[in-house]
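Everything on this sheet refers to the single structure shown next.
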Amino acid sequence: MKNLLLPLLLCLPTLAYCQVPFKYDIDFALGITSYQGDLDALKVNAGFREIKYSASLSLRRNLTNNYAVRINLLAGQIGGDDRNFSEPEWRIRRGISFQSPIIEVSALNEFYPFGMYPVKGKVGRTRNILAPYLLLGVGWAYSNPKVDWNDANGNEEIDPVLAGLDKKAKLSKLNVVIPMGFGVRFKLKDHSTFKLETALRPSFSDYLDGISLAGNPNKKTGISPPRSALPIPFQKIKTNPKTVSPNRKKRPKSEKKKNPQKRPKRKNP
């Protein structure tokens with residue numbers, strides 16, 4: 001795992017600092033989480049029958065007009081149930097389900113290909129009406145799945161040996177996730193925005209749902225939480241609205257008074 005994370009961290013871009021009107025944004029978001037794993041059927045519904053709810057809080061640092069980093073805290077739930085699927089028929093007969101809380105802390109990179117602010121020689125004072133962005137980062141997700149195996153009276157669709165191994169498995173409650181996705185920020189007034197965002201969060205663990213060998217050991221689990229948020233900018237950077245060419249020198253006022261330019265007097269013929 002360490003060998004995999006190191007290239008990801010080294011790939012984080014280093015960009016030169018460029019002033020934008022606000023250094024920081026803070027936003028609160030509400031959204032949904034959609035689980036994809038052993039108790040989901042991606043070809044049937046792409047996770048839309050396993051919808052739960054989530055909330056998140058973010059602090060964003062605007063480094064340039066095209067790049068920002070943010071620390072994100074997300075809390076919600078994930079769940080899955082075989083009974084949500086009528087096909088194939090064995091899913092209903094198997095009837096396994098689970099519920100788990102999800103708490104995620106992540107460091108995210110945001111790339112704005114068209115910029116957050118219009119550029120006309122310098123960064124504009126108001127945001128772009130639309131600002132699409134790409135999202136990539138790394139995080140750690142806490143989960144504690146509670147599985148209902150539906151095998152109190154035996155279940156012919158469940159291998160008791162594999163289910164027993166899953167039940168005895170030592171689950172890691174903290175797992176690495178790689179958030180990746182995209183979003184759009186809409187200008188509300190000057191610098192305030194409203195955003196829509198969706199991101200996949202693949203995990204390197206197959207036990208976010210508490211099931212692996214008795215399900216599909218080759219299928220990893222993940223989370224997909226679409227969200228809507230209202231970012232609020234703060235800590236405004238003070239800038240001088242008047243720009244002066246660096247090659248042009250201003251004459252001091254005292255010099256202007258000493259050497260006033262006089263127009264020559266016309267002589268009467």
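The protection proxy used here, the mean number of other Cβ atoms lying within 10 Å of each residue, ranks peptides 157-163, 177-183, 109-115, 84-90 as follows, highest first: 177-183, 109-115, 157-163, 84-90.
By the rule of a C-alpha distance below 19 Å, with chain neighbours fewer than 8 residues away ignored, the aspartates and glutamates paired with Lys167 are Asp38, Asp81, Asp82, Asp148, Asp151, Glu156, Glu157, Asp159, Asp206, Asp209.
Label reach from Ala75 (point 7 Å along Cα→C-beta): in the stretch 129-158, amide nitrogens under 15 Å belong to 142-144.
Please find the FRET efficiency linking Glu89 to Leu213, where r is the Cβ-Cβ separation and R0 is fixed at 25 Å, and quote it to the nearest 0.05.
Here the calculated transfer efficiency is 0.65.
In terms of distances greater than 28 angstrom between alpha carbons, the cross-link table entries Lys23/Lys195; Lys23/Lys52; Lys173/Lys195; Lys52/Lys189 yield Lys23/Lys52; Lys173/Lys195; Lys52/Lys189.
Here the spin labels are modelled as points 7 Å beyond Cα on the Cα-Cβ line, and at Ala169 and Ser192 they lie 4.7 nm apart.
Just so you know, all these numbers are worked out from the coordinates, no wet-lab data involved. What you are looking at is a predicted structure, and each value in this text was computed from that prediction instead of being measured. Ideal geometry is used to build each Cβ from the backbone, glycine not excepted, and the neighbour counts take in all protein chains shown.
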